[in-house]
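**Student:** Quick one: structure below, then a few questions.
Where a number appears in this text, it was derived from the coordinates with a stated rule and is not lab data. Here the structure is a predicted model, which is why all the values come from computation and not from measurement. Cβ atoms come from the backbone with ideal geometry, glycine included; neighbour counts cover every protein chain shown.
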Amino acid sequence: MTKTKYLLATAAFAFFGAQAFADEMKPITAAEIDQVQAAWGAGIVAIGEAKAAGTHVEAAKDHIATLYAYDEGGTVLFKPTKAAADQFRGTAEEALSYFVGGSISEDKGFAINPWTKVRFENDAVTIDSDSALAMGNYYFTDPSGKETKVEYSFGYVRGKDGRLKINLHHSSVPYGPK
């Protein structure tokens, strides 16, 4: 390779490599948080719909792989709503158990309820360039139209694919006198 071709190739690699890095490191936006929340809700509904066809496990695996940062080299802090004896889901397999039932005895398959709609109401969102937090209530609608209110805190980071991934998921039922 001539010196000129080598320099051009090196410059092109440096430019396009830098561009890929820049895309991966672009700041998180509020619109992206809205999009990932909508995708999360649609994914929960889709898992429930897939139960009848027997494809709910595959739908849940796709939901987890697409939206959670388990495969991003960091830690995912996941405390599901209906978890008491084994409160946390530190692996994708444990998250799968929560969503569709399986390896953890208390898990009955939250996402196969089925739900017909999930809507988020953010109380507050903070964005720190490469990470974000959202906290508020989300509402799960069952087939009869009844809504269940759940409190949540979600954390987001940008994944290697450039999309937001959940690295914190904490849900709980609102406190109230019994």
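**Student:** Compare the peptides 49-55, 63-69 by average per-residue count of other Cβ atoms within 10 angstrom and give them in order, highest first.
**Tutor:** Top to bottom by mean Cβ count within 10 Å: 63-69, 49-55.
**Student:** Return one number: the angle in degrees, 0 to 90 and rounded to the nearest 10, between the long axis of the Cα atoms of helix 30-51 and the longest principal axis of the Cα atoms of the chain.
**Tutor:** Taking the Cα atoms of the chain, the angle to 30-51 is about 50 degrees.
**Student:** Residues with amide H under 5 Å of Lys117's amide H, sequence separation 5 or more or different chain, H placed in the peptide plane at 1.01 Å from N; which?
**Tutor:** Thr141
**Student:** For a quick check: with amide H placed at 1.01 Å from N, whose amide H comes under 5 Å from Leu77's, ignoring anything fewer than 5 positions away on the same chain?
**Tutor:** Result for Leu77 returns Leu168, His169.
**Student:** Further question: What FRET efficiency do you get for Thr55 and Ser105 if R0 is 25 Å and r is their Cβ-Cβ distance, rounded to the nearest 0.05?
**Tutor:** Taking R0 as 25 Å, the efficiency between Thr55 and Ser105 is 0.55.
**Student:** In whole Å, what three semi-axes, largest first, describe the equivalent ellipsoid of region 28-172 built from its Cα gyration tensor (square root of 5 times each eigenvalue)?
**Tutor:** Largest first, region 28-172 gives 22, 18, 15 Å.
**Student:** Right, another one. For region 60-70, take each phi angle, set θ = phi - 60°, evaluate the Karplus expression 6.51 cos²θ - 1.76 cosθ + 1.60, and give the result in whole Hz per residue in order, putting x for glycine and proline.
**Tutor:** Taking θ as phi minus 60°, the curve returns 5, 4, 5, 4, 5, 5, 6, 10, 10, 8, 4 Hz for region 60-70.
**Student:** Something else now. Could you list which residues have their amide H under 5 Å from that of Gly159, counting only those 5 or more apart in sequence or on another chain, with H placed in the peptide plane?
**Tutor:** Correct list: Leu164, Lys165.
**Student:** Please sort 33-39, 93-99 by packing, taking for each peptide the average over its residues of neighbouring beta carbons within 10 angstrom, highest first.
**Tutor:** Put in order of decreasing packing, that is 93-99, 33-39.
**Student:** Determine which residues of region 135-178 fall in the zone a paramagnetic label at Ala84 would reach in this model, i.e. backbone nitrogen under 13 Å from the point 7 Å along Cα→Cβ.
**Tutor:** Under 13 Å, as judged by backbone N against the label point of Ala84, lie 173 of region 135-178.
**Student:** Given the peptides 131-141, 167-177, arrange them by the average over their residues of other C-beta atoms within 10 Å, most packed first.
**Tutor:** Final packing ranking: 131-141, 167-177.
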